[in-house]
Amino acid sequence: MLIRPATEADVPACDEIYRAAKEFMHSNGNPDQWNLAYPSGNDVMEGIADGTSFVCEEGGEVIATFFYRIGADPTYSIIYDGKWLSDEKYGVIHRIAVKYQGRGIIGFIFDEMFKAHPNLRIDTHENNLPMQRALSKAGFKYCGVIHLPDGAPRIAFQKI
């Protein structure tokens, strides 16, 4: 497996991965994290333009897509019912979705991004139990609750 910046040629594969991830979440007790319009290929295109869209590929096949950036995230400026492990410069992972479950793809991505910058933050919906298990397995620690711009709560994690 390798991680690289997404290209326009990857957008259809990323869009399909997001579509399947939404179906998986909806059918596994998490219907509220993502909606029909978000995330999509349009978000990948925006990330290509600003350098934040990445893919994980294996054998030339795109098997995961995600947002990654080093720097402050406005949604993480206030945390409730807890605190961050560190306020040092951090990397942020958002919109991570994989094509295949149970192959260690998310763990690989977490490990590689941690090697790139050993202070990572991420959040997820309280009903996204598979992601919470993956975060725990990868060594992320629960830090508290943040709110998205629309006010929706998310549980926040950090690994340092």
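A few remarks follow.
- Karplus-derived 3J(HN,Hα) values for the stretch 58-67, using 6.51 cos²θ - 1.76 cosθ + 1.60 with θ = phi - 60°, are 9, x, x, 9, 6, 10, 6, 9, 6, 9 Hz; glycine and proline are entered as x.
- For the chain, the 222 nm mean residue ellipticity estimated from helices alone, with every DSSP H stretch of n ≥ 4 adding -39500 (n - 2.57) and the total spread over all residues, rounds to -9500 deg cm²/dmol.
- Scaled against 2.2 N^0.38 Å for its residue count N, the alpha carbon radius of gyration of the stretch 1-91 is 1.24.
- Among complete DSSP H helices in the chain, those whose alpha-carbon atoms stretch at least 20 Å along the helix's long axis and whose mean Kyte-Doolittle hydropathy reaches -1.0 are 11-27.
- Taking every alpha-carbon pair under 8 Å whose residues sit at least 6 apart, the chain reaches a relative contact order of 23 percent.
- Square roots of five times the Cα gyration tensor eigenvalues for the stretch 2-159, Å: 23, 18, 16
Values quoted throughout were computed directly from the atomic coordinates according to the rules given, and no laboratory measurement underlies them. This is a predicted model, so every value here is computed, not measured.
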